[in-house]
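For reference, the structure is listed below as structure tokens.
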Ligand code: RP5
């Protein structure tokens, strides 16, 4: 019942492996914002699943997803939603897995509404929150979480950071030439 709504290209697909990360979103309109997360996970070779489930429109499906996530082998969930963005927090309340919320900028209020909806969780139910529309960081955080128990992923995040550093240093060199 988990739909791959936007499977990555066959050469980069990890769908044959058991997903470690679940990417969910409240609506297909969130997909453009969530695709960068899939790109990062593909880049690191991490198997993931991708689907739509809404806290308001499909509450039963959301609860089923959250309750089954750990048993199905997921290690982290990335949840994107906009407006009254209750999906990440509600999923966090129904699973013991780490949940990373991505505030999606909807048509009004510039995504600040989504950000506040996700970040202001009550004590006891943590939900990590990244910047508005920043699903890239959500994926990188998920990989860091995986890296605490899978050393190769920790090494890969270190390598990723080194590449970023070198990119900046190269730009400095060019500027100073
Ligand atoms: C939220 O409402 C979704 O996460 C989406 O960001 C927003 C608007 O959804 P649509 O009306 O575009 O389906 O639940």
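Bear in mind that the values in this text are calculations on the coordinates, not laboratory data. Only a predicted model underlies this, so the values are computations on that prediction, with no experimental measurement involved. Ideal geometry is used to build each Cβ from the backbone, glycine not excepted, and the neighbour counts take in all protein chains shown.
Couple of notes before you dig in:
- With N counted as the residues of the range 54-147, its alpha-carbon radius of gyration over 2.2 N^0.38 Å works out to 1.01.
- 10 °C / 1.306 mPa s Stokes-Einstein diffusion coefficient of the chain, Kirkwood radius on C-alpha pairs, µm²/s: 96
- Relative to the longest principal axis of the Cα atoms of the chain, the long axis of helix 151-176 lies at roughly 50 degrees.
- Degrees separating the helix 59-69 axis from the principal Cα axis of the chain, which is the longest one: 50
- In terms of other Cβ atoms within 10 Å, 87, 155, 74 run from fewest to most in the order 155, 74, 87.
- Adding -39500 (n - 2.57) for every DSSP H run of four residues or longer, then dividing by how many residues the chain holds, sets the calculated 222 nm ellipticity at -14000 deg cm²/dmol.
- Distant alpha-carbon pairs in the range 133-177 (separation over 16 angstrom), percent: 50
- Counting every other Cβ atom within 10 Å of each residue's Cβ, 63, 104, 130 order from fewest to most as 63, 130, 104.
- Stretchable slack from residue 163 to residue 144, in nm (0.36 nm times residue separation minus alpha-carbon distance): 5.2 nm
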